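Everything below concerns the one structure shown next.
Just so you know, all these numbers are worked out from the coordinates, no wet-lab data involved. Values in this document were obtained by computation on a predicted structure and should not be read as measured data. A quick note on method: Cβ atoms are made from the backbone with ideal geometry, for glycine too, and the neighbour counts reach across all protein chains shown.
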Amino acid sequence: MTDHATMKTIAKVTIYSSNLCGFCFRAKRLLDSKGIAYEEINVDQRNDLRQHMMQITGRRTVPQILINGDAIGGCDELYLLDRQQKLDPLLAAS
Ligand SMILES: N[C@@H](CCC(=O)N[C@@H](CS)C(=O)NCC(=O)O)C(=O)O
C-alpha cells in the first residue's frame, strides 16, 4: 500500500496511462518507489484526453509523463533519466 503521508509533492508529475499497460505499470512503479505523488490521467475510452496528450507530447503511446509541464517521454525515457541521475533533480524542482 502506498503511504501518501510520506509522498513528496515538490514537482508536479502527470502520467497519461491506460489499463493493461506494462510500460505504464513500470513507470508508476519507479515513481512510487521514489515516493513521488503524481496525477494519473487514464485515456481509455477518452479519445478527447488521448488527443490532448498527443497534442502536448507529440506522441501517441502511453505512458506519457510530464514533469512540471515538460513532456519527458514514456517509460523508457523515465528510466533513462533515472540511470543518468537526472530524474531526482527534475523531481525535486518546483
Ligand atoms: N517505448 C515506449 C513504449 C510504450 C508502449 O508501447 N505503450 C503501449 C501500451 S503498453 C502503447 O501505447 N501501444 C499503443 C501503440 O503503440 O499505438 C515507452 O517506454 O513508454
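Tabulated results
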| item | result |
| --- | --- |
| Potential extension, Asp76-Ile10 segment - 0.36 nm per residue separation minus Cα distance | 21.5 nm |
| Dipole in debye (nearest 20) - the stretch 10-88, about Cα centre, beta carbon charges: Lys, Arg +1; Asp, Glu -1 | 120 debye |
| 18 Å Cα-Cα reach of Lys86 towards aspartates and glutamates, excluding residues that sit fewer than 8 places from it in its own chain | Asp32, Asp70, Asp76, Glu77 |
| At 1.567 mPa s and 4 °C, Stokes D of the chain from Kirkwood alpha-carbon radius, µm² per second | 97 µm²/s |
| Stretch gain in nm, segment Asn68-Glu39, where the contour uses 0.36 nm per residue and the Cα spacing is subtracted | 9.3 nm |
| Beta bridges by DSSP in the chain, antiparallel share as percent, to the nearest 5 | 60 percent |
| Separation in nanometres of the label points that stand 7 Å from Cα toward Cβ, at His52 and Leu20 | 2.5 nm |
| Protection proxy ranking, peptides 74-81, 35-42, 85-92, 62-69, average beta carbon neighbours within 10 Å, highest first | 62-69, 74-81, 35-42, 85-92 |
